[in-house]
Amino acid sequence: MFIAITHVAKTDPTDPRSQIVEIGAMTGSSVLWRCTSQEAIARIRSGVRYFMDFDGHQVAVEVAPATLLDDARLRTVRDGCAHSLLSHLPQLPKRSSGIFR
(Lines give C-alpha, C1' and ligand atoms only; values in the text may rest on other atoms or scores of the structure.)
Protein backbone atom coordinates (compact mmCIF):
# COMPACT_ATOMS: atom_id res chain seq x y z
CA MET A 1 0.00 0.00 0.00
CA PHE A 2 1.32 3.47 -0.94
CA ILE A 3 0.00 6.56 0.85
CA ALA A 4 0.62 10.14 -0.29
CA ILE A 5 1.88 12.76 2.17
CA THR A 6 0.87 16.31 1.26
CA HIS A 7 1.29 18.19 4.57
CA VAL A 8 3.35 18.08 7.77
CA ALA A 9 3.21 19.61 11.24
CA LYS A 10 6.49 20.79 12.76
CA THR A 11 7.54 21.88 16.23
CA ASP A 12 8.22 25.37 14.79
CA PRO A 13 6.39 26.01 11.49
CA THR A 14 8.58 29.04 10.70
CA ASP A 15 11.85 27.06 10.87
CA PRO A 16 12.42 24.61 7.96
CA ARG A 17 14.95 22.70 10.12
CA SER A 18 12.49 22.07 12.97
CA GLN A 19 11.37 18.55 13.79
CA ILE A 20 8.38 17.04 11.97
CA VAL A 21 5.89 15.77 14.55
CA GLU A 22 2.98 14.79 12.28
CA ILE A 23 2.39 13.92 8.64
CA GLY A 24 -0.87 13.84 6.75
CA ALA A 25 -2.83 14.60 3.60
CA MET A 26 -5.31 17.31 2.78
CA THR A 27 -7.60 18.10 -0.11
CA GLY A 28 -8.77 21.69 -0.14
CA SER A 29 -9.29 22.61 3.50
CA SER A 30 -10.20 19.08 4.62
CA VAL A 31 -7.73 16.83 6.42
CA LEU A 32 -8.01 13.34 4.90
CA TRP A 33 -5.71 11.66 7.41
CA ARG A 34 -2.93 12.48 9.86
CA CYS A 35 -0.64 10.57 12.19
CA THR A 36 2.36 11.28 14.37
CA SER A 37 5.87 10.73 13.08
CA GLN A 38 6.31 7.85 15.51
CA GLU A 39 3.11 6.18 14.23
CA ALA A 40 4.34 6.60 10.65
CA ILE A 41 7.74 5.10 11.52
CA ALA A 42 6.01 2.07 13.08
CA ARG A 43 3.79 1.72 10.00
CA ILE A 44 6.76 1.92 7.62
CA ARG A 45 8.55 -0.76 9.61
CA SER A 46 5.44 -2.96 9.31
CA GLY A 47 5.26 -2.59 5.53
CA VAL A 48 3.19 0.54 4.79
CA ARG A 49 4.83 2.78 2.18
CA TYR A 50 4.52 6.57 2.08
CA PHE A 51 5.53 8.95 -0.70
CA MET A 52 5.41 12.64 -1.54
CA ASP A 53 5.32 14.44 -4.87
CA PHE A 54 8.37 16.52 -5.73
CA ASP A 55 8.72 18.22 -9.13
CA GLY A 56 6.14 15.84 -10.60
CA HIS A 57 7.89 12.72 -9.33
CA GLN A 58 6.87 10.39 -6.52
CA VAL A 59 9.59 10.26 -3.87
CA ALA A 60 9.57 7.44 -1.32
CA VAL A 61 9.61 8.24 2.40
CA GLU A 62 11.76 6.04 4.63
CA VAL A 63 13.02 5.83 8.20
CA ALA A 64 16.39 7.36 9.00
CA PRO A 65 17.88 5.13 11.70
CA ALA A 66 18.50 6.43 15.20
CA THR A 67 21.97 7.62 16.12
CA LEU A 68 23.64 8.42 19.43
CA LEU A 69 22.48 12.02 19.08
CA ASP A 70 19.10 11.66 17.38
CA ASP A 71 16.01 9.43 17.39
CA ALA A 72 14.78 7.66 14.27
CA ARG A 73 13.04 10.09 11.94
CA LEU A 74 11.28 10.29 8.60
CA ARG A 75 13.19 11.27 5.46
CA THR A 76 12.87 10.88 1.71
CA VAL A 77 15.23 8.90 -0.46
CA ARG A 78 16.34 12.20 -2.07
CA ASP A 79 17.24 14.02 1.17
CA GLY A 80 20.80 15.17 1.69
CA CYS A 81 22.65 15.79 4.94
CA ALA A 82 21.27 19.30 5.37
CA HIS A 83 18.16 19.14 3.18
CA SER A 84 14.75 17.60 3.93
CA LEU A 85 12.04 17.56 1.26
CA LEU A 86 9.36 16.75 3.85
CA SER A 87 10.08 19.93 5.79
CA HIS A 88 9.10 22.02 2.76
CA LEU A 89 5.55 20.64 2.59
CA PRO A 90 2.69 22.92 3.68
CA GLN A 91 1.69 22.99 7.34
CA LEU A 92 -1.14 20.78 8.65
CA PRO A 93 -3.74 22.72 10.61
CA LYS A 94 -3.65 22.33 14.36
CA ARG A 95 -5.78 19.55 15.80
CA SER A 96 -9.17 20.63 17.01
CA SER A 97 -9.88 20.19 20.70
CA GLY A 98 -12.88 17.96 20.01
CA ILE A 99 -13.10 14.30 20.98
CA PHE A 100 -12.45 13.04 17.43
CA ARG A 101 -8.96 12.78 15.94
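Rolling a 1.4 Å probe over the protein heavy atoms of the chain, with every protein chain left in place, gives an accessible area that is 55 percent carbon and sulfur.
Protein heavy-atom accessible surface, 1.4 Å probe, per residue over the chain: 67 Å². When a/c reaches 1.5 or more, the comparison of a/b and b/c decides; with that in mind, is the chain rounded, prolate or oblate per its Cα gyration tensor? Taking the square roots of the gyration eigenvalues as a ≥ b ≥ c, the chain is rounded. Only helices enter the 222 nm calculation for the chain: every DSSP H run of n ≥ 4 contributes -39,500 (n - 2.57), and dividing by all residues gives -2500 deg cm²/dmol, rounded to 500. Taking amide H as placed 1.01 Å from N in the peptide plane, Ile3 has its amide H under 5 Å from the amide H of Arg49, Tyr50, Phe51, each at least 5 places away in sequence or on another chain.
The values are calculated or read from the model by the stated rules, or taken from the named source; none is laboratory data. What you see is a predicted model; the values in this text were computed from it and never measured. For accessibility, only protein heavy atoms count, side chains too; no ligands or nucleic acids. Shrake-Rupley method; radii C 1.70, N 1.55, O 1.52, S 1.80 Å.
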